[in-house]
Every structure is written in C-alpha cells, then in structure tokens.
Amino acid sequence: MGTPLLELRGINKSFGPVQVLRNVDFSVHPGEVTALVGDNGAGKSTLVKCIGGIYSTDSGEYLMDGKPVHVHSPRDAAHLGVEIVYQDLALCDNLDIVQNMFLGRERRSGIILDEPSMEELAAKTLAGLSVRTVKSVRQLVSSLSGGQRQTVAIAKAVLWNSKLVILDEPTAALGVAQTAQVLELVRRLADNGLAVVLISHNMNDVFAVSDRIAALYLGQMAAQVKTTDVTHAQVVELITSGRSGSLGLVEEGAVA
Ligand SMILES: Nc1ncnc2c1ncn2[C@@H]1O[C@H](COP(=O)(O)OP(=O)(O)O)[C@@H](O)[C@H]1O
Ligand SMILES: [Mg+2]
C-alpha cells in the first residue's frame, strides 16, 4: 500500500496542564475515506485543528507525501492542500454561494472583483461534484437547506486544489435524506482521488462510507483499522473502552 498522503507520528498536545493528545499516530491515504471516531472529549477536533494549523503541536512529526513539513497556521495547511470543513459551518448567511466559496480569496480583474470567473468556477465545482440540487450559485446561503449548506461548505473546501479534506461531523444536524446526499458526496471526493477524513458519531455513516476507521480514546489512538476488518460492536468498544479483543490500547502494566 502506497505512502500515506498525511502521516502524523507521536503527536502530543496539551492545553496548560491538560494533555489532550498523547503520542498520536494517524495516517490518511489518497482515494480513501478515513473515519475518525471517538467519544465526546476524546480529542478529535483538537487533532483536526493540529492538522489544519489552528493549533501547534507540542511534539511529534507531521509528514505530507512522506516528507516532514511544518504547519503552524491555517495558511501553511492550505498551502499543503489541507482544507477543513468545521462543525459550525462558518458560512455567511447574508452572502450568496459564490461569495461564500471565495470569501477571503476573491478573484480580481484589476481592482474589481472578477464575478464572472468566480461564478463559473463555483458552478463548475458544484457540477464536478454532481451537485444538482442547488438552483443558482447566486442564491443566498440563508435560503439553503442544511444539506445544501453542507454541500456548499464541502465544495468550498475542494475549490482550492485540496488534497486532503477533513469534515467535522458533517451530518450531525441533517435528516435522513440529506445525510445520504452528503455521504454520497463524501464518497465521491475520495473516488476523485482526494484523501478524506470524516469525523462522525454515527456508526451507520461510518460503515456506509469509510475505508478505514481511526478510533481515539481519551487522547490516544486506540486503533486504526480497515473498515471491512471490524464490526460495529468492535468499533463501539474501541470508542467506549479503548480496546476490543486483541485490538486497541494495552493496559498499563500489562505484559504484551
Ligand atoms: N482550547 C482548549 N483549551 C483547553 N482545553 C481544551 C481546548 N480544546 C479542547 N480542550 C479539551 O480537550 C479535550 C478534547 O476536546 P475535543 O478535541 O474537542 O474532543 P472531541 O472533538 O473528540 O469531542 C476535552 O477535554 C476538551 O475539554
Ligand atoms: Mg469535536
């Protein structure tokens, strides 16, 4: 199996006296969906923020395509092709789809905004993701359904030659039909060759769409496995106790 696109080795991160990530290894492959699971407070969002350069790690290695890199800001991460779609979508209701997708990275033609080219690229990106439910890219985001918003947020992330797209609970607020749409889109991103990390609490979503599952338990990586090698029950055990049979963390003091 080829070199991972992203590989983290031995990542540690504390906030003051609280160690939130302990010696975390994590790898993500292109063309695959990696589900990142774990209980509330396990450290999923913190790990993702370290990958996205929002937080600096205290120690550990960060490799892209097998090469060590330094990521100290979201800009560094963006340069490496890493885009994150956060839980709280960070779309602006009072702006339309094009304005949202290009917010802060607008195209210009001389001193004026190059609206036609942005409009075209926004429409092309949505079409490339086979998104057909959005009528016009000039619709205000406030007029979109939850699923459509999530779609726009994802399209925004893939607009920038991204290689790795990370989605923090993209279906948490969605109904059944919209969840299915978003999961289909997540699958399509990977099928187009991107590396995708999906944070989710929903085992059905995880099993429906992921190739690999990484389970965090109290800030430690309990296991990273192929989805076809585990059952729902095993993953639930990894999430709730950090181990399941021969998988997972070895108890301290135990002889391996
Ligand atoms: N900025 C912060 N300062 C202090 N503690 C934090 C901060 N962010 C997260 N934590 C703590 O880190 C732990 C992991 O949080 P988080 O990464 O949000 O978990 P998850 O996303 O898996 O629910 C929690 O105990 C949380 O309280
Ligand atoms: Mg979280």
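In summary, the lysines within cross-link reach of residue 13, defined as a Cα separation below 16 angstrom excluding same-chain residues under 8 places away, comprise 44, 49. Spin-label model, residue 25 to residue 117: label points 7 Å out along the Cα-to-beta-carbon direction sit 4.6 nm apart.
Taking only protein heavy atoms and a 1.4 Å probe, what accessible area per residue, in Å², does the chain have with all protein chains in place?
On the way: 12280 Å² over 256 residues.
With the other protein chains kept in place, the chain gives 48 Å² per residue.
In a reduced charge model with +1 at each Lys and Arg Cβ and -1 at each Asp and Glu Cβ, the stretch 45-143 shows a dipole moment near 220 debye about its Cα centre. Cα centroids of the stretch 37-94 and the stretch 156-189: 16 Å apart. Under a model in which nothing but the beta-carbon of Lys, Arg (+1) and Asp, Glu (-1) is charged, the chain shows a dipole of about 380 debye around its Cα centre.
Quantify how much of the Cα-Cα distance distribution of the chain extends past 36 Å, in percent. Summing the P(r) tail past 36 Å for the chain gives 14 percent.
Relative contact order of the stretch 120-256: what whole-number percent is it, with Cα pairs under 8 angstrom and at least 6 residues apart? Contact order relative to length: 16 percent. Estimated from helices alone, the mean residue ellipticity of the chain at 222 nm is -9000 deg cm²/dmol (sum of -39500 (n - 2.57) over DSSP H runs with n ≥ 4, per residue). Across the stretch 175-238, the relative contact order, built from alpha-carbon pairs under 8 Å that are at least six residues apart, equals 22 percent.
Roughly what would the spin-label model give for residue 176 and residue 107, points 7 Å off Cα along C-beta, in nm? Between residue 176 and residue 107, the label points sit 4.1 nm apart.
From the square roots a ≥ b ≥ c of the eigenvalues of the alpha-carbon gyration tensor of the stretch 2-47, which class results: rounded (a/c under 1.5), prolate (a/b over b/c), or oblate?
Oblate, since a/c reaches 1.5 and b/c is not below a/b.
Extension gain, residue 132 to residue 241: 0.36 nm times the residue separation minus the Cα-Cα distance gives 35.0 nm.
What are the DSSP H helices in the chain that stretch 24 Å or more along their long axis, judged by alpha-carbon atoms, and whose average Kyte-Doolittle hydropathy comes to at least 0.0? Correct list, ordered by number: empty.
Maximal additional length on extending the residue 92-residue 232 stretch stands at 46.7 nm, based on 0.36 nm per residue less the C-alpha distance.
Note on the chain: with a GNM built from Cα contacts shorter than 10 Å, the maximum mean-square fluctuation among 170, 17, 68 falls on 17.
Using a/c under 1.5 as the rounded threshold, could you call the stretch 46-183 rounded, prolate or oblate? The axes a ≥ b ≥ c are square roots of the C-alpha gyration tensor eigenvalues, and prolate needs a/b larger than b/c, oblate otherwise.
It comes out oblate by the Cα gyration axes.
Charged side chains reduced to their Cβ positions (Lys and Arg at +1, Asp and Glu at -1) give the stretch 160-256 a dipole of some 240 debye around its Cα centre.
In the stretch 41-155, taking the dipole from charged Cβ atoms about the Cα centre, the farthest positive-side position among 153, 84, 59 is held by 153.
The values are calculated or read from the model by the stated rules, or taken from the named source; none is laboratory data. These figures come from a predicted structure and were not determined experimentally. Please note: Cβ atoms are built from the backbone with ideal geometry, for glycine as well, and neighbour counts cover all protein chains shown. SASA here: full protein model, heavy atoms, side chains in, ligands and nucleic acids out. Shrake-Rupley method; radii C 1.70, N 1.55, O 1.52, S 1.80 Å.
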